[in-house]
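In what follows, a single structure is set out as structure tokens and then discussed.
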Amino acid sequence: MFSDNEKISGRQMYRTIMVTLGGPTLLICPLVAGRFGADGFFVYLVAGVLSVVYTMLMMWCKNRGIFQCGNKRCTAVMAGLRILLCIKLLFLAIGGLYLICDVVTGILLPETHLFMVLIVLAAALIYWNTGSIESSARAFELIFYWVVVPIVVVIAVAIPKVIPGNLIPSLFLKEGSMAGKGMDVAGIVKAGILLWLLFTPSELLAFCKEHYRNDTKTTKGVWRGLFMLLAGNVITYGTILGIYGEEGMNRGGTYPLLKVMQISGIPGDFLRRVDGFMSVFLVLSLFCGMVMMMDYLGISLWQIGDILFGKRGRKNKTVYSVVITGIMVIAVVLIGMKVKSGTADAFLEDAYSDKSIISGTELEDRGFVMSVIIGSETVTFEIASDDEGAWQEESEYVTLNDNRVLEAEKLYKENGDKKLDFTHIKVIFIDEDIYGNDVTTENLKYMYEKEKFAENVMVCPLSGDIKKMAADAIENGKAFAVVMENILVNSEKSQDMELYRVYLERLRYQNQ
Amino acid sequence: MLSRSLMENMKTIDERIQGCDDIKCRKMRLGREKKTEACIYYVEVTVNNLTIEESVIGKLINRLWNMEPDEQYEYISDNALGITDVNELSEYDDVIMGIMIGDGVVLIDGYDKAVKIKSKGYPMMGISESKIEKVMRGSKEGFSDALKCNTALVRKRIRSDKLKVKEKIIGNTTNTTVAVVYVEGLARESVLEEIDRRLSELQIEGMTDSGIIEQLTEESVFSPFPQYQTTERPDRAAMEVLNGRVVLFVDNTPVALLLPTNYGNFFQTADDYYNRFHVVTFARIIRYAAAMIAMTFPAMYLAAVTYHPEILPTSLIMTLASARTDVPFPAFVEVLLMELAFELLREAGVRIPGPMGSTIGIVGGLIIGQAAVTAGVVSPIIVIVVALTALASFAIPNEELSSAYRILKYFAILMAAVYGFFGIIMAWLFIIGHLSRLKSFGFPYLMPSASADINEGNDLKDFLVRYPIGFMRWKSVYARKENRKGRF
């Protein structure tokens, strides 16, 4: 009968690399390379060259069976190398779990308790890891399209927003200009090495040779996967950099790719903002990456077990999955988030905070904010009317005595009967009196970094006739944001008024 | 062993069939001097008076009527009538079995063998159009309850000695015939051996439907996904047999089992090969999309309105918000309530006899849906969501797969209620994880979307996109490698 042979084919190899490494690299690499702005391309170059050399080396080792534990050839050094590989795989798996938790609690479920997220992830990991390496590879083949297509769509939609000037490396700029401050070669090499660590699946070829079909298709699959992954990463980085420029990279908030997702709405009203929707596909990739690491970690551990105890040891995959998943969960809880919070204590405090087990909010309990009007002393939220079909004509205005949006939100939360929802906000109005103030910078920073505000929401100075119209709308409870959005969208400078551009321009100005 | 004494044989058989008033024994005296006693055992209805007169049995008895005893024994043992459906039996068990399967069994005094003669058999429904596999184009014949009739319908389409039909009796009490049909040289030996092994290991009292075999021999009992494909169509069965697959018929069942199977097979229909490839490819994409909708749509609605309202246009989200203002339930309960109401209608529609069944589905759906919206129990959008989901589930060509998605839909709804889109993707991860390890007779269930290179990618030509017939030059991975060339 047809049966599993625990071997991965060339097609599976290619797709496994794309699916399992696509998500993690696309999230992390722009963070690392972004510090160097347009010179970040050289970071990818260093990482790419190192990856190619490393892969060639590993293939050479594979063909000669150098890391294979044949009974006699296996030495303590080989066992030691395998232990190092296990440690690396475990760290990568923990990193993957951390990333998922960060994306899920940051973007998808900001109000859900972390432990709820960890429970479902742990259950899925345990279930997946009780299967064979071949079954995982089959699943990755299927998931391939689920990961690649959404990311390609996001990038394709975002590319028109790219400003080519942002993409020129300092090497080609005149000395003295802002970007032409010279290349940090040592930094680039260090960052390249860091990225290369993410592109090193080829070592598994050498260490787990018996799990790959020994044919040219597998070799082709590895090379194809590696090159496509590198190319995809470079294109993505170019797109992100082209949109945000050097100032926008690593300027707080979430991962750069997720920021791009916020502004890459599909044309038309549906899926206008896709970050929530698209990031689940990224989560899929991150999850697959973890599964792969755990699969190979398991294989490596069995091999070490075989070296130490011969073939007598019992191989219970369920026990293995539970133990390793448990270690990963504990590691993420105790160590992983320390990076974010500064201290483990702070993280634990966050984890035990008042976040909900089920955090969904019914539509009727949401107050959809259509505009935020920031005055010199106050912040006014324009909330769409609940009455059927009236939202385009009527609005409710809530004015709070603080000109900082964050504080105004807190004030509303104390007294308001609904939960403020900024996901459909149309325009942010800022009074001309405070437009150049630090308060505005603080407000823009807050809104830019908070995922609930779309990156491409319009920012409009409140002055002259607009100010009068706003005052009239507030007094009479008329809808204001919808009217203004129509006017602003049709204006020539509409793109320059998008939140992320306004904020980044301000940063650029401050840097100068 | 039967004895030469008719009385002794009759006594033993009568003891065995005591209490079976439907089994009749007609005694007679044969030979010129009417000295040879004989009798015929049969189940009422299967052999009636008219049949005895006109059938093979009748003719045989007429011949024996004027013969001497020695001549009679010789005549029977040589099968001088030259009929194929006559078997000699020498064991009591075989005699009883012969009677039970609806044949007539003749016992003659002085002869230690019984003669089983084929008769018209049990009453059955004739060949009718398939109810669950309707096609626009192609044969209208469907399988009937009679196994022999079903195998003949396949034979009618494959007139070759390579088409093999291997019968087996299963069920300690029901003694049901199961036929394994395949094309020699195409079906893999390993699959045939595995089928034989699994059937031989079956120790059950009764086998009243192919569904029982399916459940007893599938590899993953707890999986919601069907691991056997079913068909009611002889043309489909014939086509699959030609593709290296094996068809399993169970007597008294109009549903044949096709094996091995994979996920993609459930989205194929018989007329996929009778229509042009553009149309078929489009239809298949719709079917796959339907499967996604059938499982995920209510969950996506729930996730969108409770966790991710940003993906919907402002105008729609405001309409939904105002429509939900008076609804007394949270969106999760609302979705669940309407989905269960639909299941109720569906179940009632199936059980209610005749044309009323379908009527109640439509009328019930319309009236209850409208009334629920008017009463403010649910919002109008949820009626659209549930209706679209139901429609999608009916677009999946295979009822078993459709049912699997119907069940999994509730899992997705639950996950969406707790985790939003993240929950839906986690639900899919569990399902894909499960599907990736599921197998049908050793073949990965996810083929050909996964592991397609086992057959050099040829199975992908008949997957989501169906290539023009002329391009499909290789049989599926189920066929033996050496004979895989040439599909149609």
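The values are calculated or read from the model by the stated rules, or taken from the named source; none is laboratory data. What you see is a predicted model, and the numbers here were worked out from it, not measured in a lab. Using ideal geometry, Cβ is built from the backbone for each residue, glycine included, and neighbour counts are taken over all protein chains shown.
Any residue in segment B:428-438 that is in a loop (DSSP other than H, G, I, E, B) and of a type outside the set (A, V, I, L, M)? No. Restricting attention to segment A:364-396, and to residues there that are more than 7 Å from chain B (Cβ to nearest Cβ) and among the aliphatic types (A, V, I, L, M), which single residue is farthest from the chain's Cα centre (by Cα)? By that ranking, first place goes to A:390. For segment B:93-126, filtering for residues that are of a type outside the set (Lys, Arg), touching a Leu at 6+ places or on another chain (Cβ under 8 Å) and buried (at least 17 other Cβ atoms within 10 Å of the Cβ) leaves 10.
Evaluated against (1) more than 14 Å from chain B (Cβ to nearest Cβ); (2) touching a Phe, Trp or Tyr at 6+ places or on another chain (Cβ under 6 Å); (3) within 17 Å of residue A:500 (Cα to Cα), residue A:424 falls short on exactly one condition, (1). Taking segment A:498-512 as the range and being touching a residue at least 12 places away in the same chain (Cβ under 8 Å) and either of a type outside the set (Ser, Thr, Tyr) or touching a strand residue (DSSP E or B) at 6+ places or on another chain (Cβ under 9 Å) (or both) as the test, the residues that pass are A:498, A:499, A:502, A:503, A:504, A:506, A:507, A:508, A:510, A:511, A:512. Taking each residue of segment B:311-335 that is at the interface with chain A (Cβ under 7 Å from one of its Cβ atoms) and looking for partners that are charged (D, E, K, R) and part of a helix (DSSP H, G or I) with beta-carbon atoms closer than 9 Å, six or more apart or interchain, yields B:317/B:310; B:321/A:364; B:322/A:364; B:324/A:364; B:324/B:334; B:325/A:364; B:331/B:324. Return yes when residue B:417 is out of contact with any His (no Cβ under 6 Å at 6 or more places or on another chain) and touching a residue at least 60 places away in the same chain (Cβ under 8 Å) and no when it is not. Taking the combined requirement at face value, the residue satisfies it. The requirement of being away from chain B (no Cβ under 14 Å) and among the aliphatic types (A, V, I, L, M) is satisfied by residue A:43. For segment A:98-134, a tally of residues being facing chain B (nearest Cβ under 8 Å), at pLDDT below 90, crowded, with 20+ Cβ neighbours inside 10 Å and within 16 Å of residue A:12 (Cβ to Cβ) returns 1. Taking the numbered list (1) modelled with pLDDT under 85; (2) within 31 Å of the chain's Cα centre (by Cα) in turn, residue B:325 passes all entries but (2).
Could you please let me know if residue B:283 is surrounded by 23 or more Cβ atoms within 10 Å (Cβ to Cβ), under 18 Å from residue B:462 (Cα atoms) and not β-branched (Val, Ile, Thr)? Criteria not met by residue B:283.
Evaluated against (1) more than 34 Å from the chain's Cα centre (by Cα); (2) surrounded by fewer than 15 Cβ atoms within 10 Å (Cβ to Cβ), residue A:437 falls short on exactly one condition, (1). Restricting segment B:418-438 to residues that are in contact with a Phe, Trp or Tyr (Cβ under 6 Å, 6 or more places away or on another chain) and more than 7 Å from chain A (Cβ to nearest Cβ) leaves a set whose member that is surrounded by the most Cβ atoms within 10 Å (Cβ to Cβ) is B:427. Residues in segment A:3-35 that are within 14 Å of another protein chain (Cβ to nearest Cβ) and surrounded by fewer than 20 Cβ atoms within 10 Å (Cβ to Cβ) were compared, and the one that is modelled with the highest pLDDT is A:7.
One line per residue, one yes/no per condition, for (1) of a type in the set (D, E, K, R); (2) more than 14 Å from chain A (Cβ to nearest Cβ); (3) without any contact (Cβ under 8 Å) to a residue 60 or more places away in the chain; (4) buried (at least 22 other Cβ atoms within 10 Å of the Cβ):
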{"position": "B:359", "(1), (2), (3), (4)": "no, yes, yes, no"}
{"position": "B:363", "(1), (2), (3), (4)": "no, yes, yes, no"}
{"position": "B:405", "(1), (2), (3), (4)": "no, yes, no, yes"}
{"position": "B:412", "(1), (2), (3), (4)": "no, no, no, yes"}
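Against the definition (within 21 Å of residue A:443 (Cα to Cα) and surrounded by 18 or more Cβ atoms within 10 Å (Cβ to Cβ)), how does residue A:473 come out, yes or no? No: the conditions fail for residue A:473. If the condition is being over 19 Å from the mean Cα position of the chain (by Cα) and under 12 Å from residue A:198 (Cα atoms), then segment A:79-99 contributes A:88, A:89. Here residue A:68 passes the criteria (1) modelled with pLDDT of 85 or more; (2) crowded, with 16+ Cβ neighbours inside 10 Å; (3) farther than 21 Å from residue A:249 by Cα except the one numbered (1). Exactly one residue among A:27, A:84, A:21 is assigned to a helix (DSSP H, G or I) and free of Cβ contacts under 8 Å to residues at least 60 places away in the same chain, and that residue is A:84.
Yes/no matrix, rows are residues, columns are (1) farther than 28 Å from residue B:445 by Cβ; (2) at pLDDT 90 or above:
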{"site": "B:259", "(1), (2)": "no, yes"}
{"site": "B:291", "(1), (2)": "no, yes"}
{"site": "B:332", "(1), (2)": "yes, yes"}
{"site": "B:352", "(1), (2)": "yes, no"}
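When you go through A:371, A:359, A:395 one by one, which is the residue that is surrounded by fewer than 19 Cβ atoms within 10 Å (Cβ to Cβ) and not in a helix (DSSP H, G or I)? Going through A:371, A:359, A:395 in turn, just one is surrounded by fewer than 19 Cβ atoms within 10 Å (Cβ to Cβ) and not in a helix (DSSP H, G or I): A:359. If you go through segment B:294-310 and keep only what is at the interface with chain A (Cβ under 7 Å from one of its Cβ atoms) and polar (S, T, N, Q), you end up with just B:306.
Looking across segment B:179-209 at every residue that is within 16 Å of residue B:441 (Cβ to Cβ) and β-branched (Val, Ile, Thr), the one that is farthest from the other protein chains (Cβ to nearest Cβ) is identified as B:181. If you go through segment A:470-482 and pick out every residue that is touching a residue at least 12 places away in the same chain (Cβ under 8 Å) and either touching a Phe, Trp or Tyr at 6+ places or on another chain (Cβ under 6 Å) or assigned to a helix (DSSP H, G or I) (or both), you end up with 5.
Screening segment B:132-219 for helices (runs of 4 or more DSSP H) wholly inside it with 3 or more residues that are within 18 Å of residue B:479 (Cα to Cα) returns the ranges B:189-200.
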